[in-house]
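The values are calculated or read from the model by the stated rules, or taken from the named source; none is laboratory data. Keep in mind that this is a model prediction, so the values were computed, not measured. Using ideal geometry, Cβ is built from the backbone for each residue, glycine included, and neighbour counts are taken over all protein chains shown. Keep in mind that these areas ignore ligands, DNA and RNA; they rest on the heavy atoms of the full protein, side chains included. Shrake-Rupley method; radii C 1.70, N 1.55, O 1.52, S 1.80 Å.
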Amino acid sequence: MPRPKMSCPAPRPDGGAAAMWTWAGAALLVAAIAATWSNSLNTPFLLDDQSAILRNDSIRRLSTAWSPPADAAGVPNRPLVNLSLAVNHALGGTSVRGYHLFNTALHAANALLVFALLRRVMRGPPAAAREPRPAAGAEHGVAGSAPTGRVPAVWPDLTALAVALLWAVHPLQTESVTGVIQRTELLGAFFILLSLWAFARGGERHQSGDGRGGRGWFALAVGACVAGALAKEIVAVVPVLALLYDRTHLAGTFGGAWRARRGAYLGLAATWLVLAAFVLHTPNRGGAAGFGLGVTSWEYLLTQCRALVLYLRLAVWPHPLVLDYGAGVVRSPADVWWQGPFVLALLGATAWALVRRPSWGFAGAWFFVILAPSSSVVPLATQTIAEHRMYLPLASVLALPVLAVGRLAGAKVLAGFTLAAGVALLAASMHRNEDYASAVRIWSHTAHHAPGNYRAHYNLGNALVAEGRAAEAVASYERARALKPELGTIHYNLGSVLAELGRVDEAIASLEEAIRRGPDRADARANLGAVLARAGRIDEAIVHYDRAAEIDPGAADLRATLGELRLMRGDAAGALREYEEAARLAPRSARVRGRLEQLRREAGR
């Protein structure tokens with residue numbers, strides 16, 4: 001394939017102007033992000049945060065953080081994420097503010113990397129140049145041009161800053177930044193961006209003949225890719241994106257890119273071995289991802305047709321945003337009769353553009369390649385649609401209107417458009433962050449917009465109970481039970497709330513169903529025993545407490561309760577045995593030892 005002609009580079013500003021634009025743009029990005037997430041720093045732990053932080057004992061010490069538990073959501077196979085949580089815990093325990101500050105700072109770092117990478121893209125000449133040249137009198141950078149006259153020296157920086165700014169404050173980013181455990185997305189994106197930026201720098205040095213300087217940047221790219229493999233699986237896309245970038249913006253052909261920089265590509269591809277080792281260690285990520293989890297690849301692929309169209313719509317009009325879309329899947333192609341062909345058309349357009357207009361094709365590839373690990377054929381069974389997956393792909397979607405406005409209307413109009421759109425998006429993001437202010441508020445919003453998601457109703461019930469609103473929680477639990485009757489935890493929580501409200505018969509029925517769904521749940525047995533005892537059915541209560549004590553033999557409180565129940569039956573000797581066992585299990589419990597001494601005195605001992 002002949003090497004395509006190089007088109008004219010955009011004019012470059014002098015060093016002073018470049019430095020001014022760089023620092024001003026960076027300061028603007030950081031300030032905008034600080035303002036956008038200023039009202040999110042006290043957001044409580046939500047959804048997977050509970051498992052990954054509050055119930056994750058491995059983050060209590062830095063020495064154990066490199067071995068994240070398989071049942072803690074978000075951290076299996078991701079030791080670097082778990083380590084970051086451990087650092088937060090070491091600095092501030094479970095105070096939410098430190099975790100949110102970390103996420104916000106990481107998002108700011110990512111925005112700066114997006115800005116830096118786009119500046120290189122916009123300043124460099126496109127190498128794959130079967131793209132039409134701009135109209136007479138216009139000069140262009142890689143992906144955009146001023147409409148008339150001489151291109152301003154700051155044009156590439158302005159375009160890069162516009163995309164980075166809109167990306168940084170977009171409401172679609174709120175789940176990734178405001179949800180603590182979604183730092184998996186933030187960390188994965190950070191290492192992808194750092195690796196690509198370093199590769200771009202190395203490629204430029206290598207292209208100019210400075211092979212030694214290029215090697216240093218390539219080493220940084222590979223190192224960032226290795227670190228990314230310890231944070232999130234999406235880092236696997238880096239070698240593909242690097243090759244596409246090289247072909248589009250440096251070498252001009254795939255063959256030329258490979259011949260010039262094969263060592264860098266082999267180093268990047270070697271990181272797949274690191275990633276594979278972690279994936280094989282926990283193949284289905286605690287039951288959240290992989291095959292054999294009740295969702296076929298075909299069903300998941302159909303679901304992603306609906307998901308991709310939703311993501312694109314939310315990029316343009318980010319409302320309503322939903323924290324948890326649930327685990328629903330599309331079973332038939334008829335259910336995505338127009339979304340499927342639309343996605344195929346976009347894929348076809350991207351493939352055509354990669355050949356005919358590579359700069360635009362690279363933007364389309366950025367979207368599809370980054371989404372491929374989570375939105376193709378490998379089922380993520382617990383969450384088939386999730387807004388946080390658009391964290392990095394959103395950049396290429398936003399680049400299209402920015403470049404269109406700049407090309408059609410010029411730099412001044414682009415600056416005004418960016419300012420207006422940025423303020424609107426910033427305000428929308430702050431408004432969205434208010435939904436996260438309390439668990440009741442966010443789960444009420446989620447249940448309203450995803451009424452078929454049992455988790456939304458279940459978590460709303462939990463949040464209402466935590467606020468002392470047990471009577472209101474009943475309706476939420478009942479709705480969750482109707483949507484997911486096979487889940488014993490829902491029956492358990494509903495039964496516990498009904499018992500608290502004094503609705504004894506209903507509570508007994510719900511707790512019995514919870515035990516039927518999970519016969520080895522000691523807590524369900526104990527709660528049912530307590531309700532039966534309250535109803536005067538002491539013998540039945542003892543049966544369930546006995547079984548609970550067998551399931552959880554180390555629970556001193558179960559033995560103590562059994563002692564009281566046996567006393568109610570007139571079995572003083574049996575009560576004494578139970579309290580002696582309770583005292584053995586909890587020798588420092590003053591209450592247990594005091595009651596034991598009292599029983600011994602009454603028994604003449």
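List of remarks:
- In this simple spin-label approximation, residue 603 and residue 71 carry label points 7 Å from Cα along the Cα→Cβ vector, and these lie 3.5 nm apart.
- A straight line joining the Cα centroids of the range 255-270 and the range 323-340 runs 38 Å.
- Whole-number Å³ per residue for the convex hull built on Cα positions in the range 80-127: 70 Å³
- The radius of gyration of the Cα set in the range 287-366, together with its Dmax, comes out at 14.9, 43 angstrom.
- The Cα atoms of the range 502-550 give a gyration tensor whose axes a ≥ b ≥ c have a/c of 1.5 or more with a/b no greater than b/c, which makes the shape oblate.
- Across the range 375-484, C-alpha contacts under 8 Å between residues 6 or more apart give a mean separation that, scaled by the residue count, equals a relative contact order of 14 percent.
- At q = 0.25 Å⁻¹ the log10 of I(q)/I(0) for the range 510-605 amounts to -1.23, computed by Debye summation with a single uniform scatterer per C-alpha, solvent ignored.
- On the beta carbon distance between residue 19 and residue 212, with R0 = 25 Å, the FRET formula returns roughly 0.45.
- Computed from backbone phi with θ = phi - 60° and the Karplus coefficients 6.51, -1.76 and 1.60, the 3J(HN,Hα) list for the range 105-114 is 5, 5, 5, 5, 4, 5, 4, 5, 5, 4 Hz; x is used for glycine and proline.
- Global geometry of the range 212-331, whether rounded, prolate or oblate, following the gyration tensor of its Cα atoms and the 1.5 cut on a/c: prolate
- Relative contact order [Cα under 8 Å, 6+ residues apart], the chain, whole percent: 13 percent
- Karplus (6.51, -1.76, 1.60) ³J(HN,Hα), θ = phi - 60°, over the range 89-94, in Hz, Gly and Pro reported as x: 5, 5, 7, x, x, 9
- Bins of 10 Å, starting at 0 and running to the largest distance - Cα pair percent for the range 257-413: 9, 30, 34, 21, 5, 0
- Fully extending the segment from residue 557 to residue 332 would add 75.8 nm, taking 0.36 nm per residue of separation and subtracting the current Cα-Cα distance.
- Dipole magnitude (debye, nearest 20) for the range 412-469, charges at Cβ of Lys, Arg, Asp, Glu: 100 debye
- Computed from phi, the 3J(HN,Hα) profile of the range 448-458 under the Karplus parametrisation 6.51, -1.76, 1.60 (θ = phi - 60°) reads 5, 8, 10, x, x, 9, 4, 5, 5, 5, 5 Hz, with x in place of Gly and Pro.
- In the calculated pair-distance distribution of the chain, the portion above 38 angstrom amounts to 41 percent of the Cα-Cα pairs.
- Farthest toward positive dipole pole in the chain [+1 Lys/Arg, -1 Asp/Glu at C-beta], among 103, 531, 589: 103
- Square roots of 5 times each gyration tensor eigenvalue, C-alpha, the range 453-524, largest first, Å: 17, 15, 10
- On the chain, 62 percent of the accessible area sits on carbon and sulfur atoms, based on a 1.4 Å probe.
- Averaged per residue, the chain has 42 square angstrom of accessible surface, using a 1.4 angstrom probe with ligands and nucleic acids left out.
- Taking the square roots of five times each eigenvalue of the Cα gyration tensor of the range 376-477, the equivalent ellipsoid has semi-axes of 39, 19, 8 Å, listed largest first.
- Fraction of the pair-distance distribution of the range 549-599 above 19 Å, Cα-Cα pairs, percent: 15 percent
- Relative contact order %, the range 443-578, counting alpha carbon pairs below 8 Å whose residues are six or more apart: 13 percent
- Square roots of 5 times each gyration tensor eigenvalue, C-alpha, the range 412-564, largest first, Å: 45, 15, 13
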